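Reading through the structure tokens given below for one structure.
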């Protein structure tokens, strides 16, 4: 099994914190976010880790990882950054955002899912003045955990949870991801993809929607806290609690 960490973005809302380093290298509990991620993955035997670099790539450093450089990161969204990994995106793959910390138990929950495609979600998440503002990516699922829709501003109806920023794709689903990307890329990156206005602007959530729209089934598996997305400086200050 392989893990691909998308660490190419700047994290605009983090302001000056990421002027000279990417979000994955911000320190939480005395160590870079990326190192916490690597530890959580390797705790469960996931030793093959690929990091996609972009913003301040020279500042990205992790123990025994491989790097892919996304030269065009500033001109496109997270989805194109993921596929900058090329044929690294094959087989049984965990995909992680670079600006999130998570406890090893969160990885264990993801690994237990038998589904071809699985999103890890936090069912205890609630919109508050601290996390409001449309930054949190949300997932709506059926009672048996089938993903219905994902987005940042979903109505609070049904089973709604926060997408943690961790997903797993087994080999058959990974192949479908790559085939879908190649079809969309052949049509041109100015055309809509998922819910994005263009393939160039698309993020990971648009990939999920493309799968759902084509009839593929994604499962959601819940955790209760144990993670923190780093969107603002306040998140960085609070993130160490997620690791306890």
Practice item. Taking only the range 196-233 into account, find how many residues are out of contact with any strand residue (DSSP E or B) (no Cβ under 8 Å at 6 or more places or on another chain), under 23 Å from residue 73 (Cβ atoms), assigned to a loop (DSSP other than H, G, I, E, B) and in contact (Cβ under 8 Å) with a residue 12 or more places away in the chain. Key: 4
Point to revise | Subset of the range 144-186 that is modelled with pLDDT of 90 or more and assigned to a loop (DSSP other than H, G, I, E, B) - its residue that is farthest from residue 75 (Cα to Cα) | key: 144
**Study point:** Residues located in the range 10-24, provided they are within 17 Å of the chain's Cα centre (by Cα) and either without any contact (Cβ under 8 Å) to a residue 24 or more places away in the chain or crowded, with 23+ Cβ neighbours inside 10 Å (or both)
**Key:** 12, 22, 23, 24
Practice item. Could you grab me the full set of residues in the range 69-90 that are surrounded by fewer than 18 Cβ atoms within 10 Å (Cβ to Cβ) and touching a strand residue (DSSP E or B) at 6+ places or on another chain (Cβ under 9 Å)? Key: 69, 71, 72, 74, 86, 88, 90
Study note, to complete from the structure: Pairs returned, first residue in the range 143-154 that is over 15 Å from residue 211 (Cβ atoms), second residue that is assigned to a loop (DSSP other than H, G, I, E, B) and at pLDDT below 95, beta-carbon separation under 9 angstrom, 6 or more apart or interchain, are 143/158; 152/134; 152/135; 152/136; 152/137; 153/134
Point to revise | Residues within the range 21-50 that are touching a helix residue (DSSP H, G or I) at 6+ places or on another chain (Cβ under 7 Å) and over 12 Å from residue 94 (Cβ atoms), tallied | key: 13
Revision key, fill the gap. For the range 173-187, pairs from a residue that is over 13 Å from residue 213 (Cβ atoms) to a residue that is modelled with pLDDT of 90 or more and assigned to a helix (DSSP H, G or I), with Cβ under 6 Å and 6 or more apart or across chains, are 181/83
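Of the residues that make up the range 187-195, is at least one assigned to a strand (DSSP E or B) and in contact with a strand residue (DSSP E or B) (Cβ under 9 Å, 6 or more places away or on another chain)? Explain how you work it out, then say what you get.
Initial filter on the range 187-195 (assigned to a strand (DSSP E or B)): 193.
So of that shortlist, the ones also in contact with a strand residue (DSSP E or B) (Cβ under 9 Å, 6 or more places away or on another chain) come out as none.
Among the residues of the range 187-195, not one is assigned to a strand (DSSP E or B) and in contact with a strand residue (DSSP E or B) (Cβ under 9 Å, 6 or more places away or on another chain), which makes the answer no.
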Review point. Do any residues in the range 33-61 that are at positive phi have Cβ atoms under 9 Å from those of residues that are in a loop (DSSP other than H, G, I, E, B), where the two are at least six apart or on different chains, and which pairs are they?
Key: 45/1; 56/10; 56/19; 56/20; 56/21; 56/22
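The values are calculated or read from the model by the stated rules, or taken from the named source; none is laboratory data. Just so it is clear, the structure is predicted and the values come from calculations on it, not from any experiment. Cβ atoms come from the backbone with ideal geometry, glycine included; neighbour counts cover every protein chain shown.
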